[in-house]
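Have a look at the structure below, then the notes.
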Amino acid sequence: MPAVLVSACLAGRKCRYDGADKNHPTLVAALEREGLEPVLFCPEEAGGLGTPRPAAKIEAAPDAVDAPTGADVLAGAARVVTEDGADVTEEFVAGARGALAAAQEHGCTTAFLTARSPSCGCAHVHTTRGLTSGRGVTAALLAQNGIALVDVDG
């Protein structure tokens, strides 16, 4: 059975920053109908952050002109900070690497990820400048490694 990477919160796991989930039973049922095996993964927990945890956003370097994205974090040109100012960049990058390793281990060529997340967002992400076009840290790393992304609004 082909495997696909899925944000764990979309399958009902209470791993979001606020201790909730983004349960998406329609997605889970569709994957089952298509004969796809979901590989559930929460990059933020895998990176060492607990649940619940403070909300985080991507923050650009002070001299940056453009709004920051996950690709900027991976390149060292931006960081991820919590609402109280703690730098959690290392944890977000570690979680992204864990997600990539899980996808590669299971042969996943597609990932279904939570919309707008600074980890998983595929089209828009929360940044210190507001909601911005771009990918989160995990989504950016997966895309850089040839994994197709599906943004799921849970």
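Data table
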{"quantity": "Relative contact order for region 65-135, counting Cα pairs under 8 Å that sit 6 or more residues apart, in percent", "calculated": "28 percent"}
{"quantity": "Heavy-atom accessible area per residue - the chain, 1.4 Å, Å²", "calculated": "47 Å²"}
{"quantity": "Theoretical FRET efficiency, 1/(1+(r/R0)^6), r = Cβ-Cβ of ALA64 and VAL150, R0 30 Å, to 0.05", "calculated": "0.55"}
{"quantity": "Length added when fully stretched, ALA20-ALA123, from 0.36 nm per residue minus Cα-Cα", "calculated": "34.9 nm"}
{"quantity": "Rg/Rg_globular for region 63-154, with Rg_globular taken as 2.2 N^0.38 Å and Rg from C-alpha atoms", "calculated": "1.02"}
{"quantity": "Relative contact order computed over region 1-72 (Cα-Cα under 8 Å; 6+ residues apart), in percent", "calculated": "32 percent"}
{"quantity": "Region 74-115 versus region 43-65: alpha-carbon centroid distance in Å", "calculated": "9 Å"}
{"quantity": "The chain: calculated mean residue ellipticity at 222 nm from DSSP helix runs of at least 4, using -39500 (n - 2.57)", "calculated": "-8000 deg cm²/dmol"}
{"quantity": "Cys residues of the chain counted as unpaired, since no other Cys beta-carbon is under 4.7 Å", "calculated": "CYS9, CYS108, CYS120, CYS122"}
{"quantity": "Inverse mean reciprocal Cα-Cα distance (Kirkwood Rh) of the chain, Å", "calculated": "15.1 Å"}
{"quantity": "DSSP-defined antiparallel bridges as percent of all bridges, the chain, nearest 5", "calculated": "40 percent"}
{"quantity": "Accessible surface of region 93-150, 1.4 Å probe, proportion on carbon and sulfur as whole %", "calculated": "50 percent"}
{"quantity": "Contact order normalised by residue count of region 39-94, Cα under 8 Å, 6+ apart, percent", "calculated": "38 percent"}
{"quantity": "Within-13-Å neighbourhood charge of ARG116 [Cβ basis; K, R +1; D, E -1]", "calculated": "+2"}
{"quantity": "Paramagnetic label zone (point 7 Å from Cα along Cα-to-C-beta, GLU34; backbone N under 12 Å) in region 121-154", "calculated": "148-152"}
{"quantity": "Cα→Cβ-extended label distance, 7 Å offset, between ASP87 and THR109, nm", "calculated": "4.0 nm"}
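The values are calculated or read from the model by the stated rules, or taken from the named source; none is laboratory data. What you see is a predicted model, and the numbers here were worked out from it, not measured in a lab. Glycine also receives a Cβ, built like all others from the backbone with ideal geometry; neighbour counts cover every protein chain displayed. For the accessible areas, the whole protein counts, side chains as well, though only heavy atoms, and no ligand, DNA or RNA atoms are used. Shrake-Rupley method; radii C 1.70, N 1.55, O 1.52, S 1.80 Å.
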